[in-house]
1. Report, ordered by the first and then the second residue, all pairs with beta carbons closer than 8 Å, sequence separation of six or more or different chains, a first member in the range 151-171 that is assigned by TED's automatic domain parsing to the domain that holds Arg235, and a second member that is open to solvent by 20 Å² or more (accessible area, probe 1.4 Å) and hydroxyl-bearing (Ser, Thr, Tyr).
2. Scan the range 270-311 for residues that are more than 16 Å from ligand 1 (Cβ to nearest atom) and open to solvent by 50 Å² or more (accessible area, probe 1.4 Å) and jot them down.
3. For the range 218-239, how many residues meet the condition of being basic (Lys, Arg) and within 30 Å of Asp153 (Cα to Cα)?
4. Within the range 162-193, work out how many residues are within 13 Å of ligand 1 (Cβ to nearest atom) and among the hydroxyl-bearing types (Ser, Thr, Tyr).
5. For Glu225, all conditions in the list (1) within 16 Å of ligand 1 (Cβ to nearest atom); (2) surrounded by fewer than 15 Cβ atoms within 10 Å (Cβ to Cβ); (3) among the acidic types (Asp, Glu) hold save one; what is the number of the exception?
6. Check off (1) open to solvent by 10 Å² or more (accessible area, probe 1.4 Å); (2) within 10 Å of the chain's Cα centre (by Cα); (3) under 22 Å from Lys73 (Cα atoms) for Arg260 and give me the number that stays unchecked.
7. Checking Phe132 against (1) among the aromatic types (Phe, Trp, Tyr); (2) open to solvent by less than 40 Å² (accessible area, probe 1.4 Å); (3) more than 16 Å from ligand 2 (Cβ to nearest atom), which single condition isn't satisfied?
8. When both residues are 6+ apart or on different chains and their Cβ atoms are under 6 Å apart, which pairs have a first residue that lies in the range 200-227 and is at negative phi, and a second that is away from ligand 1 (no atom under 16 Å from the Cβ) and of a type in the set (Gly, Ala, Ser)?
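The values are calculated or read from the model by the stated rules, or taken from the named source; none is laboratory data. Fair warning: this is a prediction, and the values are worked out from it, not measured in the lab. Cβ placement follows ideal geometry from the backbone for every residue including glycine, while neighbour counts extend to all protein chains displayed. These area figures cover heavy atoms from the full protein model, side chains too; ligands, DNA and RNA do not enter into them. Shrake-Rupley method; radii C 1.70, N 1.55, O 1.52, S 1.80 Å.
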Amino acid sequence: MWAAIRARLRRSGGASEAPPTPRPPSSPGAVSDPAFTEGVFGSRLEEAKLDEVLDELEIVLLQSDVAVPVIEKVREDLKKELAGRRLKWGADVEAAVQRALQASVHSILDRPGIDLAATIRAHQPKPYIILFVGVNGTGKTTTIAKLAGWMRDQGIHVVIAAGDTFRAGAIEQLLVHGERLGIRVIRQQEGSDPAAVAYDAVEHARAKKLDVVLVDTAGRQHTNENLIAEAQKIRRVVQPQLTLFVGDALSGNDVTEQARMFKKMLGVDGLILTKLDADAKGGAALSATFVTKKPILFVGTGQGYGDLRPFDPDWLIERLFAEGTAG
Ligand SMILES: Nc1nc2c(ncn2[C@@H]2O[C@H](COP(=O)(O)OP(=O)(O)OP(=O)(O)O)[C@@H](O)[C@H]2O)c(=O)[nH]1
Ligand SMILES: [Mg+2]
């Protein structure tokens, strides 16, 4: 993304064509960015010029699947940080804009997360129940399998509830994962009540003193009232400690709206964004966490069990601003 931004800054002239001014003897007072000075020397970053730069930036952000409310916030941050500031002689304006932009993005991404392993271990009475929701094909089932493996490796005892009784083959898909991972999958017949399956799994975990129940659900659109009501019933019956929205980063701005609606209807506590291996942009992740005000807990980066990473804002920022990526 940064390469595209820089190209646009150059096209607009950015602020880098500001005439050189005498180097100030020293810069009194500390400023947050090394490109700026609070001294009387240096050229001012004109408001009109800054607006031009921000317009260019806006286009790149839109192309990177960053949602409008996020862009507005970024604009506001950058204006506050850059407008009317005096540039030091020879300062690298592009670098200053990039630093301001990264700081703004970082503030959006850096929400207090949840230390899942510690939370599960500390939770009493057992089990800790996690419900996974999202639209069709976003990676819920795969993510559950990855997480189950990750938890097992940390000595956490897991059971999975095959709560997608709707899609043909969904139960079988989980059973295959369970077998490979050596993790028990609780299931009923296809077409049975998912709330009952989840309840069975919780009872099983209680009896066996297991730490955590991961409840898979069928993919559903937030516009499908029956399926949303079904998910609400699962919530009422098992009262999960955590409801996680699983969104596909490749679906761009749609994922932001989905996350917002799922949060409204099902009370989402955190986000998992999948397929970030294929998404050079990552703007969807930024937008979803901004709009829901919920943390991203994990990101999916492939189809293998190991392709799940605890979310790190710096990792995403690095991807967003990587040189040489078209996004
Ligand atoms: N590249 C990539 N593919 C992924 C990732 N996560 C899931 N997938 C793939 O996405 C496809 C759908 O994954 P599922 O886990 O079945 O998705 P789901 O949300 O359970 O789908 P439904 O149950 O039909 O709603 C599969 O082919 C997965 O291998 C990821 O992080 N990266
Ligand atoms: Mg599934």
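1. If the second residue must be open to solvent by 20 Å² or more (accessible area, probe 1.4 Å) and hydroxyl-bearing (Ser, Thr, Tyr), the pairs left are Thr165/Ser192.
2. Result: Lys293, Lys294.
3. 1
4. Result for the range 162-193: 1.
5. Unmet for Glu225, out of (1) within 16 Å of ligand 1 (Cβ to nearest atom); (2) surrounded by fewer than 15 Cβ atoms within 10 Å (Cβ to Cβ); (3) among the acidic types (Asp, Glu): (1).
6. Against the list (1) open to solvent by 10 Å² or more (accessible area, probe 1.4 Å); (2) within 10 Å of the chain's Cα centre (by Cα); (3) under 22 Å from Lys73 (Cα atoms), Arg260 comes up short only on (2).
7. (3)
8. Val213/Ala201; Val213/Ala205
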